[in-house]
1. Among (i) 1.05; (ii) 1.48; (iii) 0.97, find the value of Cα Rg over 2.2 N^0.38 Å that was calculated from the structure presented, and write down its label.
2. Search the structure for amide H atoms under 5 Å from the amide H of I176, placed 1.01 Å from N in the peptide plane, and list their residues when 5 or more places away or on another chain.
3. Within a Cβ distance under 12 Å of G244, other residues only, what is the Lys/Arg minus Asp/Glu net charge?
4. Length gain on complete extension for the stretch V169 to L194, per 0.36 nm per residue less the alpha carbon to alpha carbon distance?
5. What share of all Cα pairs of the range 29-76, in percent, falls into each consecutive 5 Å distance bin?
6. Tell me the angle of helix 115-130 to the major Cα principal axis of the chain, expressed in degrees between 0 and 90 and rounded to the nearest ten.
7. Rounded, prolate or oblate: which fits the range 1-88, taking a ≥ b ≥ c as square roots of the Cα gyration tensor eigenvalues, rounded meaning a/c under 1.5, else prolate when a/b beats b/c?
8. Calculate the dipole size of the range 1-143 relative to its Cα centre from +1 charges on Lys and Arg beta carbons and -1 charges on Asp and Glu beta carbons; express the result in debye to the nearest 20.
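The values are calculated or read from the model by the stated rules, or taken from the named source; none is laboratory data. Small disclaimer: the values here were computed from a predicted structure and weren't measured. Positions of Cβ are generated from backbone atoms using ideal geometry, with glycine treated the same way; all protein chains shown enter the neighbour counts. Just the protein is used for accessible areas: all its heavy atoms, side chains included, with ligands, DNA and RNA removed. Shrake-Rupley method; radii C 1.70, N 1.55, O 1.52, S 1.80 Å.
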Amino acid sequence: MQLFDLTGKTALVTGSSRGLGFAMSRGLAEAGASIVLNGRSAERLESSVASLREEGYDVRMSVFDVTDETAVSRGISEIGQVDVLVNNAGTTRRGSLETMDADDLEQVHRVHVTGPFLTSKAVVPGMIERGGGKIVNICSVTSEIGRPGNGVYMAAKGGLRNLTRAMAVDWARHNIQVNGIGPGYFKTELTRPLADDPNFNEWICRRTPAGRWGDPTELMGAAVFLASDASNYVNGHILYVDGGMLASM
């Protein structure tokens, strides 16, 4: 299992005070990494850091908004060495496209595309200097397919998919692997209203070959794989963790 060992590595996970980001942070910590949780709420981060520390993990926090270039630069400078970056921060706006404002599109795009660009750009010089690194962008099944009322999110996640490939092409020569994880539908605090809707829940279970929602812990293995030496020749790839949704018509 040495290929998957992250001992001695520092991993920064954005948007990780709860949900999928928190679950992936725990997975990276279990593999031996020192974790930096990130978000905009110091109070929420403090609670999450305390929770992981109680489990015996090496965890600290860094409060900054991934869409603010000055704040990102300052935050990365204070963190120091980042060996693994997981760009997970996210937001959404739901509604048919004709009801959306340009501000809705731009805000979602800034979080899902501009944010990963700024954070990656801030950590890459250090990775180049050290001779390598790992960047994992959290994409989505909506990077490939969509459903009504989710258009601005789809546009942003599609952009992040191709930004992942662009980063891989530009930085592979520096021994930096940039890949993505594309989650399907997972039960989290943010998706609880959808899971509690009987009609939507029935649609998800029928549409997904696995017949159920994903559990956040089921992203841990993918995160560890793409953060570790086990993926050293994997670059520009989106690993979909979706219960078979994309394989099914």
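1. (iii)
2. Amide H neighbours of I176, under 5 Å, 5+ apart: G133.
3. Numbers: positive: R207, R212; negative: D242.
Net of charged neighbours comes to +1.
4. Working: separation 25, 0.36 × 25 = 9.00 nm, distance 3.68 nm.
Value of the extension gain: 5.3 nm.
5. 5, 23, 27, 20, 16, 8, 2
6. The two axes meet at around 30 degrees.
7. Values: a/c = 1.92, a/b = 1.34, b/c = 1.44.
Oblate shape, in that a/c is at least 1.5 and b/c is the bigger or equal ratio.
8. Numbers: 14 positive and 18 negative charges, 51 e Å.
Computed charge dipole of the range 1-143: roughly 240 debye.
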